[in-house]
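Here the structure is laid out as structure tokens; the discussion comes afterwards.
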Amino acid sequence: MNNLTANLEEVDMQLTQMGAKVTSLHGLVSFIHFDLNQTELFYVYNINAKNQYFLQMVKPFSTGAGIFCKPQDIVQYIKNDLKQFQNASNSNVFAEFTSVNQALYSTIRDIKDVFMTYNVPREKMLQIKGKIDEVSALLEDIKHTGVPL
Amino acid sequence: MELIASIFIFVVVMALVMSEKVNRTIAALVGACLILLLRILTFDEALGYIDFNTLGVLVGMMIIVGIVKNTGVFEYLAIFASKKVKGDPWKIILSLSIITAVISAFLDNVTTVLLIVPMTFVITDTLELDPLPFLIPEIMASNMGGTATLIGDPPNIMIGSATGLGFVDFIVNLGPIIVIIFAATFFIFKILFRKQLIISPEKELEILQFDEKKAIKDPSLLRKSLIVLGLVILGFFFHEQLNYPSALVALSGAALLLLLSRESIDEVFSNVEWPTLFFFGGLFILVGALETVGVINKLASLLVEMTGDNLLLTGIIMIWFSALASSVLDNIPFVATLIPLIKAIGLKTGMDITPLWWAVSLGACLGGNGTLIGASANVIVAGLAEKHGHRLTFGKYLKYGLPLMLLSIFLSTIYLIVFYLI
């Protein structure tokens, strides 16, 4: 037991009183950093006593990559990511790609905040969905008409 | 040559430990290895000086608390006590301090404060009060509680192991004075803190919104833990009659709870403070080297020359020296060195040295209340408080700690004189 466990206990107690079921496990955290052409890739993964790997990309944008059970799965995922980013970082619109993704995650947060704070009429929600469908259709069009890397 | 080397290595290690320039475990291990490499002790001799009973008690209780804390029982106790006193801040301080003292009588002080302080922060945040008037009494309660039993503080474990004094011996001889000191200390705290604990009745009622039942995470594990804890406490009460070392009681309890709880062994063992155990191991070897080369014997002779075989004078010197030293130094190496010294005094003078053990125990354990650096638990609490945005400075603690520590030693001295030294 140490200062970290004391901090954990304080948080756990408050969450438990809020009604949460809290399970705390010992684990290890690894930080993974790649320096690429136009960007850097930064991941964090946590492995715990239940042999689950929680992988999260932090840079160039924040996204949860998933829960894995085997170390090879983590490596394969990052390998695929790395290959794609290495190809993409040679593109002259890579900076725009990064900012599009950051804007996308910011928008997802905003949608959640608005929905949780305001009474959103059905038509407005459908309008938002419509805009997202437009983006999906545009991406499909790029897949069909674009040149693979 | 061996004499000079042993003293030099010991002094350097202690200086590094006290200055915190090097981690204490690393310092003790390096020192111990040097002792062996220089052949001051053989490997077998070194093993002979390691007090495995002390290590066994520590490991056993660390394993037990590592499992018990997962039940949420400590959180339950803190919420239950706070609700029972209807959110009255002073009564919460008193209740949490009593809980701290009782837990500390069975677990080491650092573990106790690591369990209690986070809950204290949640309560003081709810009441919107400064946590320091809660934390300072809890620090002192943890040191007091640990003084009252064989297993409450490492110095007592070491003394009990070296002398054969049992769990009941400590409770019967030190329990009464600890209760008196606790009462006197908290009477004074009530006067000192009364103006800092004024809150509105609405805030007090917020404490009543806590649900202590939510704190229990695993009722089945809680039942098993309470049964095993009960057996362990019974075991400590009767370990002398059963002729079992205290370590066997602790380790048996730990083994039984591991079997019943089915907790992951890796999870449980991650709660064992291995650096602390290796620090003890290294320290025992360093002190053993001093014994082997005759330093301890020489110091004992010096002390006997100064005091004659006057038990009263020796006892008073022991308690005050232990207290003042312990208020600024780590009491574990200090007591580890005193143990063979007192035994040597006993051999030289033929006097009954049992009162000296009580003097050292009271001085070394209660002395830790004197300053912020007097005990590891104090430093831990200050660190947690700082992280929580409330600085407990050396000076701020000293205002309360030093006078109250001196009062506790004064009361202990009178107690020793009346019941043991004359």
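Read-outs throughout are calculated quantities, based only on the coordinates presented, and are distinct from any laboratory measurement. Every value quoted in this text rests on a predicted model; they were computed, and no experiment measured them. Glycine also receives a Cβ, built like all others from the backbone with ideal geometry; neighbour counts cover every protein chain displayed.
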Per-residue Cβ contact counts at 10 Å, fewest first, order B:M1, B:M318 as B:M1, B:M318
Distance in nm between B:E202 and B:L234 label points, each 7 Å along Cα→Cβ, equals 5.2
Run the quick spin-label model on B:I216 and B:K387: label points 7 Å from Cα toward the beta carbon, then report their separation in nm to one decimal.
2.9
Need one number: nm distance between label points at B:F52 and A:A137, each 7 Å from Cα along Cα→Cβ, rounded to one decimal.
7.9
Rounding to the nearest 20 debye, state how big the charge dipole of region A:10-145 is about its Cα centre with +1 on each Lys and Arg Cβ and -1 on each Asp and Glu Cβ.
340
Which whole-number percent is the relative contact order of chain B (Cα, under 8 Å, 6+ apart)?
24
Just to confirm my numbers, what's the Cα centroid distance between region B:168-219 and region A:16-87 in Å?
44
In Hz, Karplus ³J(HN,Hα) per residue of region A:69-75 (6.51, -1.76, 1.60; θ = phi - 60°; x = Gly, Pro):
10, 10, x, 5, 5, 4, 4
Dividing the helical contributions, -39500 (n - 2.57) per DSSP H run of n ≥ 4, by the residues of chain B yields a 222 nm value, nearest 500 deg cm²/dmol, of -25500 deg cm²/dmol
How high is the FRET efficiency between B:M1 and B:T354 when r is their beta carbon distance and R₀ equals 45 Å, given to the nearest 0.05?
0.75
What is the distance in Å between the Cα centres of region B:349-410 and region B:29-59?
28
Report ³J(HN,Hα) in whole Hz for each residue of region B:176-190, in order, from the Karplus equation J = 6.51 cos²θ - 1.76 cosθ + 1.60 where θ = phi - 60°; Gly and Pro get x.
x, 5, 5, 4, 5, 5, 4, 4, 5, 5, 6, 4, 6, 4, 4
Among B:L135, B:L197, B:L398 the positive-end extreme of the charge dipole of chain B (Cβ point charges):
B:L197
Nothing charged except the Cβ atoms of Lys and Arg (+1) and of Asp and Glu (-1): what's the magnitude of the dipole of chain B about its Cα centre? Round to the nearest 20 debye.
720
Hey, can you grab everything whose amide H is under 5 Å from the amide H of A:A65? Only 5+ residues off in sequence or another chain; H modelled, so Pro and N-termini drop out.
A:L55, A:Q56, A:M57
Isotropically averaged projected area of the protein assembly as shown, using the convex hull of Cα atoms (one quarter of hull area), nm²
34.0
Considering every residue in B:112-125, what mean count of other chain Cβ atoms within 10 Å of its Cβ is obtained?
4
Of B:K348, B:K214, B:K203, the most mobile residue in a GNM of chain B (C-alpha springs, cutoff 10 Å) is B:K214
Within the set B:K83/B:K190; A:K59/A:K112; B:K190/B:K396, which residue pairs have Cα atoms separated by over 24 Å?
none
Peptide-level mean, for B:265-273, of C-beta atoms on other protein chains within 10 Å
3
Would you look at the GNM of chain B, springs on alpha carbons closer than 10 Å, and say which of B:T337, B:T163, B:T371 moves the most?
B:T163
Efficiency by 1/(1 + (r/R0)^6): what FRET value for B:L36 and B:L347, r their Cβ-Cβ distance, R0 = 35 Å, to the nearest 0.05?
0.80
Could you list A:S136, A:S24 in order of exposure, starting from the residue whose Cβ has the fewest other Cβ atoms within 10 Å?
A:S136, A:S24
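What number comes out for the charge environment of B:F170, summing +1 per Lys or Arg and -1 per Asp or Glu over other residues with Cβ under 13 Å away?
-3
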Relative contact order, percent, region A:10-145 [alpha-carbon distance under 8 Å, six or more residues apart]:
13
HN-Hα couplings for region B:416-422 via Karplus (6.51, -1.76, 1.60; θ = phi - 60°), in whole Hz with x for Gly/Pro, come out as 5, 4, 5, 9, 10, 9, 10
If a paramagnetic tag sat 7 Å from the Cα of A:K124 along the Cα-Cβ line, which residues of region A:90-108 would have the backbone N under 17 Å from that point?
A:107-108
Please give the average number of partner chain Cβ atoms lying within 10 Å of the Cβ of each residue in A:12-21, rounded to a whole number.
5
FRET E, pair A:N87, A:V114, Förster distance 45 Å, beta-carbon r, rounded to 0.05:
0.80
For a quick check, take a GNM of chain A with Cα springs below 10 Å and name the residue from A:L104, A:L25, A:L36 with the largest mean-square fluctuation.
A:L25
By Cβ neighbour count within 10 Å, fewest first, A:C69, B:C365, B:C33 rank A:C69, B:C33, B:C365
